[in-house]
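Mind having a look at this structure? Questions to follow.
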Amino acid sequence: MKPTYLMDDIQWQQLIQNVADHFNDVTIKRGFQYFKQGKVKEFAMPDADHIAAVVDGSELYEVDLHLSAFAASRCTCPVHTNCKHMIAVLLNYANEQERSVHALVNAHSAKFTRLAAKADTRTTPPSRSNLSPDHKEATRNALSKTASKTPDMPISEWHDLFDQCIALNRVNTQNSQYVQSALASIYAVMPPLSPGMQQLYGLHAHLRVLEKLVPQSPMPGYPSHTYMGYYTQIAADELKEAIERDFESPLGLTDEPMQEARIAETLAYLRRKMLTESRNGTYFSDTYYQFWLNWMHPERQDSSIYTEELQHLQAAEEDLGTTLARLPWMLARSWMHIYQSQDNEAWVLLQEAERAFPLKISSNQLLLFLQALRKAEDWARLKDGLRHIGPLLHSHRDDHLQDYMHDWDVVLQHLPEAEQDMWDTLVGMLPFAGGMYEEALLAHEKWRSWIDYQLSIRSEPLSFRVSVLQPIEKNAPELLLPFYHQAVERYVLEKNRASYKAAVKLLKRLFKLYKKMKQESRWELFFTTFTSRHSRLRALQEELRKGKLLS
């Protein structure tokens, strides 16, 4: 759903400035975590200047933001102003406006980058960017004339044109400003194009500028790891987000005779960039998959294109030799097998890639396999994919595991009988998927299994919110008894004042549980034995009296 009030570029720059002026880095990073965890529960804009939201912190906090009078913004949390809850809401706002979340998270760095870039423009060495205005205008006119032939030019000549446009700029520091300036120069010469050609032009503009930022693969015999500077990394990530937005709209296909050639050349370009990409990023690999997922696969029902692509990938081993990046090569072949419904071959290749490159496959790449199966709406295949992909998601962030769990929910909506397959898979993913497993048990009201799991990992009952335990207390209170009893005994064994206080808190809960179950006699027997057994622990006896459990 598009936002009611759209932010323009001036308002966006002012928002970045406000974040840099009012929030420190620690608060911004904490707010980013809240945003990523989906803690912004309500979000509304009564008008273009006012945001009203609710954030789930230690409790539910109300955030009231005034974009043009930032100092008047308030939160109901103890900090009241300039807090992490405000940052979470602002990041949610940026996301809804389809602006770069990273730009706000790195607001302090962006401010420094702008100053550094400004200094760089004063010290730029003589180059085409320092041509006289008249000479520069003449050059731009010549480039526009060349660009008018874009539909008939091969992609390699598009890139040559883009390079000449970029060379006109004064900004040489590879940061966000460099990217904006480079793209502006490329778009300035773009001729009238059909919708599909315009989409390809925009994609290649982003890709060519990305090439300027991302280190190329080293020559054979040199170290395989290359690195980007901090501000360059930010700019590259913003470009990656822009490329993802390129694929949000289906590719506009026409009867233009050259459009099919440009599409084929784009695929060949992405394939080569992916297969020679250095190990420190997956920019071109991710674009290759998105190209297939959003532009190639939906429009082409002829399965021969996947067979041909697989042949190109297999031939790459000999063509590229030692420069071949083997992990993306193996993943791409597996991807093509999925599109040909050759799932067994795909999973075998994927497992070989995991063995050859342990912990190197990104969760984004793994989830793309599931996305392809989900788009095909073949729920039996998606279930099988979830069983194979799940164990490979070890050591990845919880947000990706939640995306994975969402796919299981989709499968169960169509195949309820697959529930046992889900539990078997999740159990096989323990311990790294523990949090996801717990949430699934609660969502499916598997109270006994949830308690058994907590007992097995010696969880602390007091670490859970009351809202988590309330459904169990309501539906199966007897299951909480061993959970609380074992924790009480552990607290007492620690023999310190803090642990005694924790034990008393749980004993109060136990008393309420026994009373709710109308088993007061069991409570009396237990509590009498408990106090007698620990009668020599004076500090514990004091805490029991303070808690009004002892008279």
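Quote to one decimal, in nm, the extra length available between Leu537 and Met517 on full extension: 0.36 nm per residue of separation minus the C-alpha distance between them.
Contour length minus Cα-Cα distance gives 4.2 nm.
Calculate log10 I(q)/I(0) of region 398-465 for q = 0.16, 0.24, 0.27 Å⁻¹, where I(q) comes from the Debye formula with a single equal point scatterer on each Cα and nothing for solvent.
Result of the Debye calculation: -0.56, -1.18, -1.40.
Could I ask something else about it? Where does each of 385-393, 154-162, 473-481 land if you order them by average Cβ count within 10 Å, highest first?
Per-residue mean Cβ counts within 10 Å order the peptides as 385-393, 154-162, 473-481.
In sequence order, what are the phi-derived ³J(HN,Hα) couplings for region 172-178 according to the Karplus relation 6.51 cos²θ - 1.76 cosθ + 1.60 with θ = phi - 60°, rounded to whole Hz, with x for glycine and proline?
Karplus values, whole Hz, x for Gly and Pro: 10, 5, 7, 9, 4, 5, 4.
Moving on to the next point. Residue by residue, what Karplus-based ³J(HN,Hα) values in Hz, rounded to whole numbers, does region 476-491 have, using 6.51, -1.76 and 1.60 with θ = phi - 60° and x for Gly and Pro?
Those phi angles translate into 8, x, 4, 5, 7, 4, x, 4, 6, 4, 5, 5, 4, 5, 5, 4 Hz.
Over region 17-101, what relative contact order in percent results from Cα pairs under 8 Å that are six or more residues apart?
Here the relative contact order equals 28 percent.
Of Met258, Leu65, Tyr288, whose Cα points farthest to the positive end of the dipole of the chain (charges on the beta-carbon: +1 Lys, Arg; -1 Asp, Glu; origin at the Cα centre)?
Leu65
Karplus couplings for region 527-540 from phi (6.51 cos²θ - 1.76 cosθ + 1.60, θ = phi - 60°), rounded to Hz, Gly and Pro as x?
So the J values, rounded to whole Hz, are 5, 4, 5, 4, 5, 5, 5, 10, 5, 7, 8, 4, 5, 5.
A further question follows. With an 8 Å Cα cut-off and a minimum separation of 6 or more residues, compute the relative contact order for region 140-215 in percent.
37 percent
Would you pull out the residues with amide H under 5 Å of Glu42's amide H, same chain only if 5 or more places away, H placed 1.01 Å from N?
Val54
How big is region 401-551 by the Kirkwood estimate over distinct Cα pairs, in Å?
17.3 Å
Also, I was wondering about something else. Report the net charge of residues surrounding Asp384, where surrounding means a beta-carbon distance below 11 angstrom and charges are Lys +1, Arg +1, Asp -1, Glu -1.
Net of charged neighbours comes to 0.
Another one. Rounded to the nearest Å, what's the spacing between the alpha carbon centres of region 504-527 and region 70-101? Just the number, please.
Going from one Cα centre to the other spans 44 Å.
Hey, another quick one. Roughly how far apart, in whole Å, are the Cα centres of region 406-465 and region 235-305?
After rounding, the separation between the Cα centres reads 37 Å.
Taking the mean number of other Cβ atoms within 10 Å as a proxy for protection, how do you rank 460-466, 486-492, 72-78 from highest to lowest?
Ranked by mean Cβ neighbours within 10 Å, highest first: 486-492, 72-78, 460-466.
Assuming a viscosity of 0.692 mPa s and a temperature of 37 °C, what translational diffusion coefficient in µm² per second does Stokes-Einstein assign to region 303-367, Rh being the Kirkwood radius over Cα pairs?
After rounding, the answer is 269 µm²/s.
Determine how many Å³ per residue the convex hull of the Cα atoms of region 308-429 encloses.
Normalising the Cα hull of region 308-429 by residue number yields 99 Å³.
In addition: Can you give me the orientation-averaged projected area of the convex hull built on the Cα atoms of region 1-110, in nm²?
Taking a quarter of the hull surface, the average projection is 6.1 nm².
Please report the base-10 log of the normalised intensity I(q)/I(0) for the chain, using a Debye sum with one equal scatterer per alpha carbon and no solvent, at each q in 0.10, 0.12, 0.13 (1/Å).
Listed by q, the Debye log ratios stand at -1.03, -1.32, -1.43.
Can you give the calculated 222 nm mean residue ellipticity of the chain, where each DSSP H run of n ≥ 4 adds -39,500 (n - 2.57) and the sum is split over every residue, rounded to the nearest 500 deg cm²/dmol?
Mean residue ellipticity at 222 nm (helix-derived): -20000 deg cm²/dmol.
Here is the link list: Lys39/Lys546; Lys39/Lys240; Lys145/Lys240; Lys446/Lys512; Lys36/Lys240; Lys84/Lys375. Which ones come out longer than 27 Å on Cα distance?
Result: Lys39/Lys546; Lys145/Lys240; Lys84/Lys375 exceed 27 Å.
Express the relative contact order of the chain as a whole percentage, based on alpha carbon pairs under 8 Å and six or more residues apart in sequence.
7 percent
Each reported figure results from applying straightforward, stated rules to the coordinates on display, with no laboratory input. Just so you know, these numbers come straight off a predicted model, no measurement behind them. Positions of Cβ are generated from backbone atoms using ideal geometry, with glycine treated the same way; all protein chains shown enter the neighbour counts.
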